[in-house]
Amino acid sequence: MAKKKRRSSARKKRRAMLLRRAILFILAVLLMLVFLSWYLLEYLPNRNGGGAESSITQEYSQPESSEEESSEEELSEEESSEEESSQEEESYYEEESSYEEESSYEEESSMEESSEEEESSHTEDVTGHGFMYIDPNEGDWRLILVNKNYRLAENMEIETRTIHGEEVDARIYDSLVQMLEDGERDSDREFLICSGYRSVDLQKELFENKIWRVMAADPDLSYEEAYEIASTEVAIPGASEHNTGLTVDICAVDFQMLIEEYEETSEAQWLKENCYKYGFILRYPKGKEDITQIIYEPWHFRYVGVEAATEIMTQGITLEEYLGKVDVDE
Ligand SMILES: [Zn+2]
């Protein structure tokens, strides 16, 4: 009799345990559904790429499944084998997504940014200089205008190739290589790419470092004053053409200083004469400083495509003039 009682109370206990498990499981599933619908509503309208999308889904599904797991942890050992297999699956995803993590995060933020910036927008930096954020995906990629008045909000999403240890947009690589090869052929000219693509993030880092160094040197300066001083020596993030990947600083192997005297080298002279044939322009010419807001730089070349380059170089104008955007749009 007592045995029977004990057995039935054990059965009751077991039933209660099963019930608890079922409730926990239902809760976990509900939580997952809520999270999934939130994710779909919040993120999908902003996205377009299929591949990146799936990697983001994976990322977001991680916290989800670990939540589920933690509630399942309370469950008995019976299910531990099942759990193990789901853990295995998860770690497989983890590997895959961490592989893609950086790029997809970057993409996500730039997508958000650009959809935000679309209607945008005049804005001011801390020194009161007015500028606009541009949408890098709008219009002809070769004619993107980046300067102090037109800035990039975030990193560009570009595929790069490496030349002389510097990265450039893969789409300009062949033209660049051809230009350097032709320029060196049957001559003692020897070119060296000394600067190429720089991400907006890296530029931010360099710029912030500069501001703190300026402030450390003179603690009486305000942040705004330090910003102003820093911007005379380091390009403002998003305002440097090097943030586009369409620009290279080309020096000579035996003249590696970025100073005005570089213009006297045979390398600089050949480039100035011939760059347009390959789609490049001398971006910051002498006498146009009031338009470009950048000092004369005989080493700084920008890809715009052969058609625009031919017009710009033969007429002796700047990209700003070619595009009719000498001042910031009103
Ligand atoms: Zn440059």
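Brief remarks on what is shown
- Restricting attention to the range 271-311, the residues that are within 27 Å of the chain's Cα centre (by Cα) and touching a residue at least 60 places away in the same chain (Cβ under 8 Å) total 12.
- Qualifying residue in the range 178-185 (condition: over 23 Å from N274 (Cβ atoms), exposed (fewer than 12 other Cβ atoms within 10 Å of the Cβ) and not acidic (D, E)): no
- Any hit, the range 179-201, residues being touching a residue at least 40 places away in the same chain (Cβ under 8 Å) and more than 30 Å from W270 (Cα to Cα): yes
Listed here are the residues, each with its yes/no results for (1) touching a strand residue (DSSP E or B) at 6+ places or on another chain (Cβ under 6 Å); (2) among the charged types (D, E, K, R); (3) buried (at least 21 other Cβ atoms within 10 Å of the Cβ).
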| position | (1), (2), (3) |
| --- | --- |
| D201 | no, yes, no |
| K210 | no, yes, no |
| R213 | no, yes, no |
| D218 | no, yes, no |
| S222 | no, no, no |
| V234 | no, no, no |
| P237 | no, no, yes |
| N243 | no, no, yes |
| I250 | yes, no, yes |
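Read-outs throughout are calculated quantities, based only on the coordinates presented, and are distinct from any laboratory measurement. Here the structure is a predicted model, which means the values were calculated and not measured. No Cβ is skipped: glycine too gets one built from the backbone with ideal geometry, and neighbour counts run over all protein chains shown.
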